[in-house]
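Some notes on the structure that comes next.
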2 protein chains.
Amino acid sequence: MKKITIKDIAKKAGVSKATVSMVLNNYDRIADETREKVLSIVKEMNYYPHESARLLAKKKSEAIAFVSARFAAPFISNILDAIEQRAFNINKYIHGIIPFSTRNEKEVKEELLRKILYSRKADAVIVLTLKPSEEIIKEYNQRKLPIILIENEMSGTHSIRVNNYNGAYMATEHLIKKARKNICLINGITHPPENFDINPTAIERKKGFEDAMRNLNVNYSEKNIEYIENYTFEEGKIALDNFLKKIPDIDAIFCAAGDLVAMGVIKRAQEFGIKIPDDLAIIGYDDIMAAKLLNPPLSSVRQPIEEIGKLAFDIAVDSMEGRLKEEKHITIEPELILRATT
Amino acid sequence: MKKITIKDIAKKAGVSKATVSMVLNNYDRIADETREKVLSIVKEMNYYPHESARLLAKKKSEAIAFVSARFAAPFISNILDAIEQRAFNINKYIHGIIPFSTRNEKEVKEELLRKILYSRKADAVIVLTLKPSEEIIKEYNQRKLPIILIENEMSGTHSIRVNNYNGAYMATEHLIKKARKNICLINGITHPPENFDINPTAIERKKGFEDAMRNLNVNYSEKNIEYIENYTFEEGKIALDNFLKKIPDIDAIFCAAGDLVAMGVIKRAQEFGIKIPDDLAIIGYDDIMAAKLLNPPLSSVRQPIEEIGKLAFDIAVDSMEGRLKEEKHITIEPELILRATT
DNA sequence: TTGTACGCGTTATCAT
DNA sequence: ATGATAACGCGTACAA
């Protein structure tokens, strides 16, 4: 079955390819009569321009790359959802958000970012949590490909950060004010193995926790901290087991590693007959949808995910379309949501 | 900053464009020496082939379209996740799964499927829940673009279905055997408004429910059924309110509209002090991740989502790569997962 | 409005 | 056995 190209339309309409192209791209220099005729034939023949050909000619990709580490973590997919939602709402780049995932290895990340840049797979790149090298940023700047960082800040980029320090500080402070004495932290790893990527949020949250404890004169030591790697439900269970061995009179946990992990803690606690919040208070992080549906509903630090996604997308678009002159660096404050686990 | 093309590589390596291309595509008719030289220059100059150009020349899109209705429903995104996971695992089409969403309007759906077909945005299409018209299928067949249906079956396509009838039958049967007397059903709408798409699963599940009730001689009427549109948590709450008005002695609900809705029911029941499962037994559908984390953990009909995604993806790939001669139609059986709500 | 160069690889055909 | 030449894929946009 013969494929229909712009040439076929042109021939049948008795005009040139250029005219057809101009009609399809809404140029106004075409006579109404011609336009009508072309459009009717386009519809009649079910003609749609060949994507790759169109993009090649336009020197665009009409896509935005979304680069993140590969985790099942709800936070990542929620951010992606928020970006897609925004695209859908303003009706731009609707099918043009392409998720790429590194596996947390630095090499892979660099390679991937280069590939996106030089193969022109995208007209802008949004990078979540990962931190590109200075060298990469330079190359992006030279090629004038906008790059938007979420959770990191570098010059040569646009950036959106949530104040992780404050989020952790607030949560910890609240537990202290609730007169908890043995407060523990579950956190992402802050000292990843060689050639793995660091997660800046884990470091900031740890600092927020420690400062709150110190400023309000609560004892703690490194024993009070458990580190987890993959942000899973199972790891939450294990973390609680570990704490119970080290600190039998534990009475509060701030789970900076996310609500999913916190849910694991709750599950395990319930298996042991530990009462929440009486015996053990818990605050999670992210405020995922399931948090408020739990029994008991989980207190959590909410990141304004919708807003982050919206901002990232809008900056990307503005930047691609040349409306952004200077670098944009935004910090958003998180919110402590109190429910029944504290 | 000048963009680097295959020509630049060729010149610098003292060979022709064709040779560079052949090296990059692993043709074996290139001398090792030449190959080495080309590769080293490619790396040195950070050359990556231009995507659109490559795809245009190859007459491929290297993408798979995933078409579904736009819902926040976990089922949809879980299927998509499963497909992407599979792509990742076998390392094919990793960034090539493009989600498209109709808004449930028939017109939009047809238009979208045509556009994907004729603009060659994808080399295969996976359609979830939606049912294309015969006409569209014919056009796909003519153009030899493989189309894979999930939850529908038509000739001219490949298809993967989960046995919704059995799923509903099992769940209902179980409630009956637990000696429940006033069993109600929450279901997706089976008679959608004009020019909206029907959801075949809702119809099949209703039939499974009704047959189980009839075969086991349990009374019920249309009063025992609530229909919901958007599969949300909130709708679950409302559905329970409605039931309580109509059927005060309700003692079981099979929520064929999914676990999220079932979670709404549970929440509302707990607000009223209704004991689960003593006063009210509940079975959900889909067995989403949150189901087993709830308190009490939710009984549910599990759809083997991983497997569905894997099958859909594999059929798409096999079909694209010409390894599939006949149509493939697969039916998968669901599984009843019993937890604490029954 | 039209003719045509252009964007950038791929691959079939030809040459050594 | 290797590699070069040139046609091709299909729109877009500028000069005429």
- Task: Examine region A:290-306 for a residue that is within 15 Å of A:Asn164 (Cα to Cα), within 14 Å of chain B (Cβ to nearest Cβ) and in contact with an Asp or Glu (Cβ under 6 Å, 6 or more places away or on another chain), and state whether such a residue exists.
- Result: no
- In region A:24-57, which residue that is within 9 Å of DNA strand D (Cβ to nearest atom) and touching a residue at least 12 places away in the same chain (Cβ under 8 Å) is farthest from B:Lys121 (Cα to Cα)? A:Leu24
- Query: Taking the condition in a helix (DSSP H, G or I) and at the interface with chain B (Cβ under 9 Å from one of its Cβ atoms), does A:Ala82 pass?
  - Reply: no
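Yes/no per residue for (1) without any contact (Cβ under 8 Å) to a residue 40 or more places away in the chain; (2) away from chain B (no Cβ under 14 Å); (3) under 26 Å from A:Glu151 (Cα atoms); (4) assigned to a strand (DSSP E or B):
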residue: A:Leu185; (1), (2), (3), (4): no, yes, yes, yes
residue: A:Gly208; (1), (2), (3), (4): no, yes, yes, no
residue: A:Glu226; (1), (2), (3), (4): no, yes, yes, yes
residue: A:Glu234; (1), (2), (3), (4): yes, no, yes, no
residue: A:Asn242; (1), (2), (3), (4): yes, yes, no, no
residue: A:Lys267; (1), (2), (3), (4): yes, no, no, no
residue: A:Glu271; (1), (2), (3), (4): yes, no, no, no
- Considering region A:5-40, residues that are assigned to a helix (DSSP H, G or I) and within 14 Å of chain B (Cβ to nearest Cβ), and then whichever is nearest to DNA strand C (Cβ to nearest atom), we arrive at A:Ile6
- For B:Lys115, which of the numbered conditions (1) within 16 Å of DNA strand D (Cβ to nearest atom); (2) basic (Lys, Arg); (3) within 8 Å of another protein chain (Cβ to nearest Cβ); (4) touching a residue at least 24 places away in the same chain (Cβ under 8 Å) fails to hold? (4)
- Query: For region B:141-152, what are the residues that are within 14 Å of chain A (Cβ to nearest Cβ) and in a loop (DSSP other than H, G, I, E, B)?
  - Reply: B:Arg143, B:Lys144, B:Leu145
- Taking region A:118-133, which residues are more than 9 Å from chain B (Cβ to nearest Cβ), surrounded by fewer than 23 Cβ atoms within 10 Å (Cβ to Cβ) and either among the small types (Gly, Ala, Ser) or within 16 Å of DNA strand D (Cβ to nearest atom) (or both)? A:Asp123, A:Ser133
- Within region B:208-238, residues surrounded by 15 or more Cβ atoms within 10 Å (Cβ to Cβ) and within 17 Å of B:His174 (Cβ to Cβ) come out as B:Gly208, B:Phe209, B:Glu210, B:Asp211, B:Ala212, B:Met213, B:Val218, B:Tyr220, B:Asn224
- Report yes if B:Ala53 is of a type outside the set (Ser, Thr, Tyr), outside any helix (DSSP H, G or I) and modelled with pLDDT of 95 or more, otherwise no. no
- Query: Is there a residue being more than 14 Å from every other protein chain (Cβ to nearest Cβ), at pLDDT below 95 and crowded, with 21+ Cβ neighbours inside 10 Å anywhere in region A:153-160?
  - Reply: no
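The values are calculated or read from the model by the stated rules, or taken from the named source; none is laboratory data. Here the structure is a predicted model, which is why all the values come from computation and not from measurement. Every residue, glycine as well, gets a Cβ built from its backbone with ideal geometry; the counts of neighbours run over all protein chains shown.
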